Amino acid sequence: MMPTSPKSLTRHVLGVLALALAVTLSGCGLWKKMQANKKNQEVEAQLADVQAQQANRFLPDLFTSANKALSDSQAAVEGKNFDEALGLGDSALSTIEQIRSRLPQAKAVIQQKKTDLIALQERMNATLAQIKAIAPEETALVERGAGIDQRVAQIQEAQVQVVEGDQGYDKMLQEAKAFLDEATASLAVLEKDNSQKLISRIEDAWKRAVTLDVLKYVPESQIVPEAIESAKALVEAASYRAVLTQFPPLERDIGAFEQRAREARARARIEQANRLIKLAEAEPGASLEKIDAAKKDADGAATQLQQGNFDAAYETADAALSTARGETRGLEDDIRRQIEQLEIRLEESLKYDTPRIASEEYGEAVAARDRAKSLLEDILYEDAEATLETGAGAIEEAIGQARSVQLSLRIREDQDNLLEMEGKGAYQYVTAEYQAIQGLIEDASGQVGIGSFADAEKTLDEAEQKILGLEARLREVAQNRLAGAESAHGEAVSAGARERAAEMLAEADGSLEKARGGAATSDWKAAIQSSEEARTRAEAAAQEAYRLRTEELKPDAERELLRARQSGAPSYAAALYNQALDALDQSGKAFLNKDFRAALHKMEEAHEVAIQARMNQIENAKKATDSAIGALAQDYDSEAIASALVDLAEARDKMEAGDYAASRTLADSALEKANASEVRTWRARATQSIAELKAQVAKADAGRGATYAAAEFGETSNSLSQAEQLFAQESFQSAYEQAEAGRAQAERTFAKLADEAQLVRGEYDNLVNQLKSYVQDDFGNAFLAEATARIGAVDDAILRADLPRVFALYEEGKDAVGKQIVATKIHNLNTKREELVAKIGEVERGGLIQFVETTGGGLREQVAAVQYDPVLDRLKPELDYYQQGVRALAQVESELGRMQEVALNSIDLRVQKVRTDIDNAREIGARDLAQSVFNSAVDNYEKARDMVFLVRNKLEGSEAIDFIGIGNQLRAAEAQANQLNQTAIERRNALDYMRDIVLWTYDMTRFLDQWHPVEEVGYEMILTSAPTSRIDTYKVFQAGIAVADLRREAERLYDRVRLVVPPAAQGNLHQMALSSFSTFVKAADNFQRYGMYDRYPQRVRERHLAQAFTQLERLHVLNDALITQILRDVKAYNLEDFERDISDELSAFTAYLRRDKSAG
C-alpha cells in the first residue's frame, strides 16, 4: 500500500465534509432551494439571450410560455415547492431549446412576409399609377390605395411588437393582396373600357375622314384600316394595355389626315369647277349669267381656301361645279353612257372567263374604266373619252381571245365525243346523223377562224345536241332490233320450233342472249349485231315449224271437207262450205310460195270451217233450245222443251253415225219445238209480273209516294203502263222485262218513302234543335217542350211503319215549330236590346266613354238600328237577318266588354305621350330651365300612371280608382306637360339667344382690346404725329388690328345682331345690344375714314377722328351697361353648365368692365 500525500489527504477530507454538508442540507430542503434558484437563474439568462435575438417578436407564444414557466417556478420556490420549481425550470429550459431551434426559421418566415409585403406594395402602387394615368376620376380607389400604402409603411417602420407577432404582417398582407386584386380587376375593366372607347373614337374619326375621301387625298392614310383591325384584334385578345399604349397617336394622326383631306378635297373641287367652267364657256348656248355665277363661286372658294375655311371652300366650289354642270350636262352624260357601256361589256365578258383567259387585256379594260370614272370626277372629259376608247378596245380583244379559246376547246371536246360514238357503232348504224354532226363541227371550226363566235356557238350547240341524240338514236336502233329479235323468237316458240326445229332455235337463243347482254351494258354495236343474228335464226326456225305443222294438218282438213260434202252442207251451209274449200286452196298456194305461216293458218281455217258447215243445222237448233231454257221454259212449258231436247240429241247422234238425212229432220223438229215453247213461257211470266206490279203501285200510292217519292213513284207507274201495252202487242218477253223493271222501281219507291220518313224525322229534329239553339229563357223553353213531345210521336209511327202518320205529324210540327222559332228570335233580340241599353248607361256613368272614340248615343243608335223582319228572313234565308241582328248586337256587346281595356290602352298611350313630352322637355334642359314646372309635370304624370296601375292591378287596401278621376288627373298631366314644353322651349330659345349675344359681345370686346393700342395713343397724340399717306404713323399705331378689319368685323357682328329676332323677354337686352353694335360700327367707320388721306381733307379727317373717339367713349358706356345686364341675366338663370360653357367669355367681360377706358 502506497503512502498518502498530505495534499491528497486534505482533498479527501474536504470532499467528505462537503458530502456530509450536502446530506445535511438535503435533509432540511435547503439544497433543493439552492438548485431551484440556480436553475431559475439559468432560465433567466437564456431567456434574456433569446429575447436579444427577438424571440419575443418572432416566436411570441413559445417565449411567453417559457417566461410563464419561469415565473411559476419562482413562485414555487417562494412557496417552498422546490420539486415543482425544478420541474417548471426544466420545462422552461426545454421551451427555450425549442425557441433556439425554431427561431431561425421563424425569422426567415417573417422576413419573407416582409419581402412579400414590400413586393405587394410596389405592385399596388404601380397598378394605382396606371389607374391614375387612364382614369384620373377614380379618386376613391386611389385614396384607399394610398391609405393602405401608408399603413404598410407604418408597419415596416414600427417594428411590430411581440404581442402582435406575425399577425400584423399577415393581416396587412391579406388586406394589401385583396386591394391589389380589386385594383387589378378595376384596372382591367378600365383598360377594357378605355381601349374600347379609344377604338370607338378612332373608328368614328375614320368614318368622318372617309366621308372626305381621305384615302384619295392622303395616300399615307391607307395604313389606318389595317391599324384599326390590329387594335380590334388586340381587344379580342384582351390585350387592352397594348391598345392604350400603342394606338392613342392614331387618333391624332386621323385628325391630321382629315384636315389634310379637307384642304386637298377643297383644292381639287376648285380645280374641277374651273375646268368645268372653261368647258361651259366653250359650249354653244350656255348661259353666260350662270357661267359668271359659277366663276364668282369658284373665286370665292379660292379665297376661302386661302383663309383655311376648307369646308366652306369645298361647298362653294361644289356650288360652282353644280352651276357649271347644268351647262355641260350633255358632255358628262355622254361619258357616263360610255362608262356604263364599258361596264356592261365587262360584265358580259365574265361568262367567257376573260379574267383568266385574257387577264392582261381584261385588267387593262378594268383599269381604263376606273381611271375614266376618276377623270370624269376631276372634269377631265377628253382624257376620260380617250381612256374609255382604250378600255373598249381592250375588252373587245379580251372577249375575242377568250371566246376563241373556249370555242376551240368545245370543238376539240365535241370531236372526241363524236369519235367515242363512232366506236359504239354510230357511223355504221346512224350514218346520216353522224355525218351531219361532222359537218356541223367543221362549220364551227371555220366560223371560229373568221371570228364569227356567235354563229360558232349556235353551230356547236346544235352539234352537241345532236351528239347527245346519237346515244339515244343508237339505243333506239338497238332496242328496236332487239325487240324484233324477241318477237321473231317468240313467234318461233309459238310455232312449235322447240319440238320441230330445236337446233335452229337453240342458235337463235344464243344470239338473243348476246344481244340482251350488249343492251344491258350499253354496247349498242354488239347488241344490234347479235339482234340481227337472233332474228334471222328465229325466223328460219319458225318457218321450219310452220312447214311441218301444215303438212301434219292437211289430211285432217281434207277429211272434214269430205264429211261436210256428204252431209249436204253445200246446200244448207253453202257459204261455210265454200269458205273451207277456199282456205284449203290458199294454204296450198302459200305452201308452194314457201309462206309456211300463211299456209298453216289457212289450213287450220279450212279444218275448222268444214266442221262448222257440217254441224250448222244442229247448232241452230241448239241455240233455240238454249234460248227457251234461258226463258225458264223448263218451269212454264216443260214437256215441249223436253221433246225439243230429245230431238236435238238424236239429231247429233245421227250426224255422228253418218245418217245425215235423219239428222237434218230431227234438227228442224227441235228448232220448231224450242221456238214455240219460248213464246208460251214469256206470256205466262209477263202475266204474273204485271199482276204483282199493279199491287205494288197501289200500295205506294196509299203510302204518299206521289208526294214524298214523286220521281220513283212516277217511274213505277209508267213502267206498269208500258208493260201492259207490250203485252197487248204480244211482245211477251219485253212486257215481262218492263214489268220486272217496274217492280224494281216499286221497291226503290218503298225504300225512298222509308228514307223520307227518316229524313222528315231528321228535318223535324233539326227544326227542334234550331228552336233549341234560339232558346235563352222560359219563353223559349215552353215552345221547346211542346216540340220535343212531338218527336216521340213521330218515332212511334216510324216503328209501326205508319208512314202516312209520320208525314202528317211532320207537316203539323214543321208549321208549328217554324212559328215558334220566329217568336223566339223576336223575343231574344228585344231582350238583348234592353240589356245593352242598360249597359251603355252604366258605361256612361262610370266615365269610360270619355277615353274611347265611340259615344253613348252612337252605341244606342247601333242597338236601335237592329231590326228583324220574319218575312224577309223567310224569303231570303241565305242572308239570315236574325244572325245579322245577333252579330250586330254582339258587336256592340263586345265593344262594351272591351271598352275598359280599350280605354286603358288609350289612357296608356296618353300617359306615354305625357312621358314622352316630359322626356323631350328634359332633352332640351327643362329640368334646369323650368324646375318647378318640370317637377309639377312629373308629379301629375306619376299620379296618372299610378292610377292606371291600380285600376289594372286591384291591390288590397288601396283606394278605389274610377275612370272619372283618371280622366281629370290625365287632363291635368297633359296640360302640365304641354305647359312644360312651351316653357322649356321659351327658356331654351332665351338661353340660345343669350349665348349668341354673349359670343357676339365677346367678339366685340376682343376686337376692342385689339384696337386698344390706338385708343391709348389718344386723339391728341394721333393728331400730333400728323400721319400722311407717305408717313402713315396712324397705321403704325394699329398694331392689334387694322382699321379696315375693325370696321369689317364691326359690320359683320352688327348684321348678325340686327337679323336676330329675340325672345320677348330679351327685347330690352336686344335693344341695348343693337345700340352697342351700331355704335361700334359708327366708331370703326369714323376711325377708318380718318385714315383715308386721299379721299378727305385733313380738317374733315380730324372731325371723323374726334367723332370716332366720342363714339368709342359712348360705346364703352353702352357696353358697360350691356355686359352688366348680360352678367345679371346669366346669373339669373342659375345654370352651372351654361356658365361653365361661357366661362371664358364671362371672364373676359369682367376684365373689360374693370379695364380703364378713359384713354383717348
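Observations
- Residues located in the range 489-518, provided they are modelled with pLDDT under 85 and within 60 Å of the chain's Cα centre (by Cα): Gly518
- Within the range 424-448, the set of residues being in a helix (DSSP H, G or I), in contact (Cβ under 8 Å) with a residue 40 or more places away in the chain and closer than 28 Å to Gln529 by Cβ comprises Ala426, Gln428, Tyr429, Glu433.
- Top-ranked residue of the range 670-683 - restricted to ones that are small (Gly, Ala, Ser) and in contact with a Leu (Cβ under 9 Å, 6 or more places away or on another chain), ranked as farthest from Ala633 (Cα to Cα): Ala670
- Residues located in the range 367-377, provided they are surrounded by fewer than 19 Cβ atoms within 10 Å (Cβ to Cβ) and at pLDDT 85 or above: Ala367, Asp370, Arg371, Lys373, Ser374
Residues are listed down the side, and each one gets a yes or a no for (1) surrounded by fewer than 17 Cβ atoms within 10 Å (Cβ to Cβ); (2) over 19 Å from Arg265 (Cα atoms); (3) at pLDDT 90 or above; (4) hydroxyl-bearing (Ser, Thr, Tyr):
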{"site": "Ile199", "(1), (2), (3), (4)": "no, yes, no, no"}
{"site": "Val214", "(1), (2), (3), (4)": "no, no, no, no"}
{"site": "Ser221", "(1), (2), (3), (4)": "no, no, no, yes"}
{"site": "Ala233", "(1), (2), (3), (4)": "yes, yes, yes, no"}
{"site": "Ala238", "(1), (2), (3), (4)": "yes, yes, no, no"}
{"site": "Val243", "(1), (2), (3), (4)": "no, yes, no, no"}
{"site": "Gln246", "(1), (2), (3), (4)": "yes, yes, no, no"}
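- Only one of the listed residues (Ala1050, Ala1106, Ala1151, Ala1121) is closer than 20 Å to Gln1010 by Cβ and either in contact (Cβ under 8 Å) with a residue 24 or more places away in the chain or touching a helix residue (DSSP H, G or I) at 6+ places or on another chain (Cβ under 8 Å) (or both). That residue is Ala1050.
- The set of residues in the range 951-1001 that are in a loop (DSSP other than H, G, I, E, B) and either within 19 Å of Gln931 (Cβ to Cβ) or without any contact (Cβ under 8 Å) to a residue 40 or more places away in the chain (or both) comprises Asn953, Lys954, Leu955, Glu956, Gly957, Ser958, Glu959, Ala960, Ile961.
- Elements of type helices (runs of 4 or more DSSP H) contained in the range 675-789, each with 2 or more residues being basic (Lys, Arg): 732-774
- Condition check for Glu271: surrounded by fewer than 18 Cβ atoms within 10 Å (Cβ to Cβ) and under 19 Å from Lys216 (Cα atoms): yes
- Lys594 being surrounded by 14 or more Cβ atoms within 10 Å (Cβ to Cβ) and at pLDDT 85 or above: no
- Top-ranked residue in the range 686-702 [being in contact with a Leu (Cβ under 9 Å, 6 or more places away or on another chain) and of a type in the set (Val, Ile, Thr); ranked as nearest to Phe750 (Cα to Cα)]: Val697
For (1) surrounded by 17 or more Cβ atoms within 10 Å (Cβ to Cβ); (2) of a type in the set (Lys, Arg); (3) in contact (Cβ under 8 Å) with a residue 12 or more places away in the chain; (4) in contact with a Lys or Arg (Cβ under 7 Å, 6 or more places away or on another chain), each residue gets a yes or a no:
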| residue | (1), (2), (3), (4) |
| --- | --- |
| Asp880 | no, no, no, no |
| Gln883 | no, no, no, no |
| Ser894 | no, no, no, no |
| Gly897 | no, no, no, no |
| Gln900 | yes, no, yes, no |
| Leu909 | no, no, no, no |
| Val914 | yes, no, yes, no |
| Asp919 | no, no, no, no |
| Gly925 | yes, no, yes, yes |
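- Boolean, Ile254 is of a type in the set (Val, Ile, Thr), surrounded by 17 or more Cβ atoms within 10 Å (Cβ to Cβ), more than 17 Å from Arg208 (Cα to Cα) and assigned by TED's automatic domain parsing to the domain that holds Val224: no
- Selection of the range 324-342 for residues being modelled with pLDDT of 90 or more and of a type outside the set (A, V, I, L, M) yields Arg337, Gln338, Glu340, Gln341.
- Residue, modelled with the lowest pLDDT, within the range 691-747, restricted to residues that are of a type in the set (Ser, Thr, Tyr) and out of contact with any Asp or Glu (no Cβ under 8 Å at 6 or more places or on another chain): Thr707
- Per-region count, the range 378-420, residues of a type in the set (Ser, Thr, Tyr), buried (at least 21 other Cβ atoms within 10 Å of the Cβ) and within 22 Å of Asp353 (Cα to Cα): 0
- The set of residues in the range 503-517 that are surrounded by 13 or more Cβ atoms within 10 Å (Cβ to Cβ) and either within 25 Å of Ala598 (Cα to Cα) or outside the structural domain of Val477 (by TED's automatic domain parsing) (or both) comprises Met504, Leu505, Ala506, Glu507, Ala508, Asp509.
- Residue list for the range 850-904, restricted to those being within 30 Å of Lys814 (Cα to Cα), part of a helix (DSSP H, G or I) and not hydrophobic (A, V, I, L, M, F, W, C): Pro870, Asp873, Arg874, Pro877, Glu878, Tyr881, Tyr882, Gln883, Gln884, Gly885, Arg887
The values are calculated or read from the model by the stated rules, or taken from the named source; none is laboratory data. Here the structure is a predicted model, which means the values were calculated and not measured. Here the Cβ is made from the backbone with ideal geometry for all residues, glycine too, and neighbour counts use every protein chain on show.
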